[in-house]
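Just below is one structure, and these are the notes that go with it.
The values are calculated or read from the model by the stated rules, or taken from the named source; none is laboratory data. Because the structure is predicted, anything quoted here is derived from the model rather than measured. Cβ placement follows ideal geometry from the backbone for every residue including glycine, while neighbour counts extend to all protein chains displayed. Quick note on the areas: whole protein, heavy atoms, side chains included, nothing else; ligands and nucleic acids left out. Shrake-Rupley method; radii C 1.70, N 1.55, O 1.52, S 1.80 Å.
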Amino acid sequence: MSPQSRLPLSVVSAVFVLLSGHVDVGSCDQIVSRFEYKYSFKPPYLAQKDGSVPFWEYGGNAIASADNVRIAPSLKSQKGAIWTKSQTKFDWWTVEINFRVSGRGRIGADGLAFWYTTSKGDYNGPVFGSSDKWVGLGVFFDSFDNDGKHNNPYIMGVVNDGTQVFDHANDGSTQQLSGCLRDFRNKPYATRAKIEYYMNTLTIFFHSGNTNNEKDFEICFRSENVFLPKNGYFGVSAATGGLADDHDVHHFLTYSVYPPGTTFKSASTSQQTSDEENKLTREYADYQRKLDQEKEDYHKQHPETKTREDNEFEDWYETDSQRELNQIFSGQSQIADSVKVLSQKLDEVVGRQERTLSLLSTVQSTMAVVGSLGGVQGQPNVQIPQGNAGMGRQDVDVLINNQNGIINSVREVRNLMAEVYSKTENIIKNQAHQPTAQVQPLGYDQASIMHEIRDSLNTIKRESAQKAGYSQQLSCPTCATNTIVLVAAVSQTLLFIVYTIYKNSKESQAKKFY
């Protein structure tokens with residue numbers, strides 16, 4: 001079926017509702033509700049071929065498609081709203097909203113709002129995309145923390161009489177009827193909110209979107225003595241700021257609520273209702289004929305689209321990845337339920353243990369009293385077993401002495417480690433400052449050897465000077481003269497010094513490897 005020839009579900013549902021005269025009437029003690037199609041929309045084929053939504057009007061940055069109405073897209077500083085064209089004609093009502101707020105950021109902004117006001121708001125207003133100083137009710141799904149109290153995302157209800165300016169700085173906390181802290185961003189399934197107003201009592205139910213169970217609602221808040229206008233417009237608005245989320249509304253269902261036992265006139269007894277039904281029946285028949293004719297003409301002009309229409313219902317079935325995700329989420333839900341059950345069991349066990357301990361203490365105190373009475377009357381005292389009575393004074397002294405001994409041992413080990421650390425640091429500093437290209441100074445043994453050599457040379461010089469005359473008289477060609485002896489001694493001394501220096505340099509080079 002081509003996009004131009006789709007039949008709006010709202011028109012079809014309206015006709016069937018009026019033709020069938022369906023009313024949800026329960027037992028005598030249950031309230032009566034009736035679906036109001038002129039104040040509702042839902043997919044598929046939510047928007048018509050010209051982009052309009054039957055019985056609704058939208059503006060700003062809102063976008064209507066076949067599946068949902070995107071009130072505000074995930075762009076900065078976007079605002080939009082959608083409002084009913086006509087005011088309500090019933091006093092009490094219930095509204096179910098299926099929506100999704102999603103974005104790539106860790107936090108989002110600004111939020112989404114449900115409205116019931118005497119006049120339609122602006123499409124670019126300062127309060128979540130709508131006008132301030134409204135007359136009626138606003139239920140805000142606030143996702144940005146303006147007051148910095150880390151209490152968002154938050155759901156609240158605010159009633160205004162047209163004189164109050166919404167307190168943005170405090171997130172409306174000074175003006176709200178009540179509220180609850182609930183996270184509605186980036187959920188695996190679409191979140192749901194049910195807003196009931198009956199007998200001046202406002203009740204908000206919320207579905208977190210963690211499960212696919214449509215009945216998994218929890219109460220957010222209930223406020224009594226809430227007086228709203230008798231007639232008003234329904235609307236949904238949203239806005240983004242520096243941060244942005246997609247704010248999508250999938251369906252908006254409205255039910256009028258009546259007291260138990262309420263009955264409605266049939267079509268045969270009301271001429272006005274009969275005329276309206278006949279008119280809608282004729283419109284429906286004319287529309288159906290036009291639709292069939294348009295379909296036939298379209299197929300003649302585009303024969304290749306017939307194959308696509310045959311595969312249209314394939315989108316209604318889930319893929320393998322969607323099935324796996326559903327299984328994962330269902331498994332996580334089961335795990336969460338099991339953890340809750342275990343927590344309850346643990347609480348029961350702790351309570352039983354406390355009761356048992358209290359009974360034991362009572363029995364011990366009773367036994368102690370009986371033993372003391374027996375000792376006074378001359379009968380043998382009853383000895384109370386002290387196995388579970390606690391620690392005695394002696395045990396406490398032993399524990400304190402052991403603890404002091406451990407503390408002293410730790411101090412000794414700490415002092416020893418400090419001493420070792422200081423010595424190690426000195427050794428590392430000495431090695432770091434040790435010269436690598438200089439001749440090391442001579443040790444004590446080498447210095448003493450040098451002194452002995454010097455003394456020996458001086459002695460030889462004195463003896464040679466005393467015997468100079470005697471050596472001159474002797475003329476032995478084979479004996480060494482004094483000059484030769486001195487030269488030999490000096491040469492040996494120089495050789496020994498060179499050897500000593502060479503040995504020290506080798507030792508210093510060998511120490512570098514350590």
Exercise. Taking into account only those residues within the stretch 62-76 that are in a loop (DSSP other than H, G, I, E, B) and open to solvent by less than 60 Å² (accessible area, probe 1.4 Å), which is nearest to Asp248 (Cα to Cα)?
Worked result: Asn68
Seminar exercise, completed: By residue number, the members of the stretch 144-177 that are at positive phi and either of a type in the set (Gly, Ala, Ser) or surrounded by 16 or more Cβ atoms within 10 Å (Cβ to Cβ) (or both) are Gly148, Gly162, Asp171, Gly172
Exercise. Assuming Glu214 fulfils every condition listed in (1) within 20 Å of Phe184 (Cβ to Cβ); (2) at pLDDT 90 or above apart from one, which condition is it?
Worked result: (2)
For this session: Would you mind telling me which numbered condition in (1) closer than 24 Å to Leu137 by Cα; (2) in contact (Cβ under 8 Å) with a residue 40 or more places away in the chain Ala66 fails?
Result: (1)
For this session: Collect the residues in the stretch 84-119 that are closer than 10 Å to His247 by Cβ and open to solvent by 10 Å² or more (accessible area, probe 1.4 Å), keeping them in residue-number order.
Result: Arg100, Ser102, Gly103, Asp110
For this session: Go through the residues of the stretch 251-259 one by one and say whether even a single one is assigned to a loop (DSSP other than H, G, I, E, B) and within 24 Å of Tyr154 (Cβ to Cβ).
Result: no
Exercise. Any residue at all in the stretch 227-236 that is among the small types (Gly, Ala, Ser) and either in contact with a Cys (Cβ under 8 Å, 6 or more places away or on another chain) or within 25 Å of Lys85 (Cβ to Cβ) (or both)?
Worked result: yes
For this session: Test Arg323 against the criterion of being assigned to a helix (DSSP H, G or I) and at pLDDT 80 or above, and give yes or no.
Result: no
Problem set entry | Qualifying residue in the stretch 132-143 (condition: open to solvent by less than 20 Å² (accessible area, probe 1.4 Å), of a type in the set (S, T, N, Q), in a loop (DSSP other than H, G, I, E, B) and out of contact with any Ser or Thr (no Cβ under 9 Å at 6 or more places or on another chain)) | yes
For this session: Could you please find all residues in the stretch 206-245 being in a loop (DSSP other than H, G, I, E, B) and over 30 Å from the mean Cα position of the chain (by Cα)?
Result: Asn225, Val226, Phe227, Leu228, Pro229, Lys230, Asn231, Gly232
For this session: With respect to Thr118, determine if the residue is touching a helix residue (DSSP H, G or I) at 6+ places or on another chain (Cβ under 9 Å) and farther than 24 Å from Asn146 by Cβ.
Result: no
Exercise. Is it the case that the stretch 259-273 has a residue that's open to solvent by 40 Å² or more (accessible area, probe 1.4 Å) and of a type in the set (D, E, K, R)?
Worked result: yes
Seminar exercise, completed: Only unsatisfied item for Val159, checking (1) free of Cβ contacts under 8 Å to residues at least 60 places away in the same chain; (2) touching a strand residue (DSSP E or B) at 6+ places or on another chain (Cβ under 7 Å), is (1)
For this session: Tell me which of these His207 doesn't satisfy, since it passes every other one: (1) open to solvent by less than 30 Å² (accessible area, probe 1.4 Å); (2) more than 22 Å from Leu243 (Cα to Cα); (3) in contact (Cβ under 8 Å) with a residue 60 or more places away in the chain.
Result: (3)
Exercise. In this structure, is Ser52 in contact with a strand residue (DSSP E or B) (Cβ under 9 Å, 6 or more places away or on another chain) and open to solvent by 60 Å² or more (accessible area, probe 1.4 Å)?
Worked result: no
Exercise. Is it fair to say Thr211 is among the β-branched types (Val, Ile, Thr) and farther than 26 Å from Gly157 by Cβ?
Worked result: no
For this session: Among the residues of the stretch 144-190, count how many are of a type in the set (Gly, Ala, Ser) and either modelled with pLDDT of 95 or more or part of a strand (DSSP E or B) (or both).
Result: 3
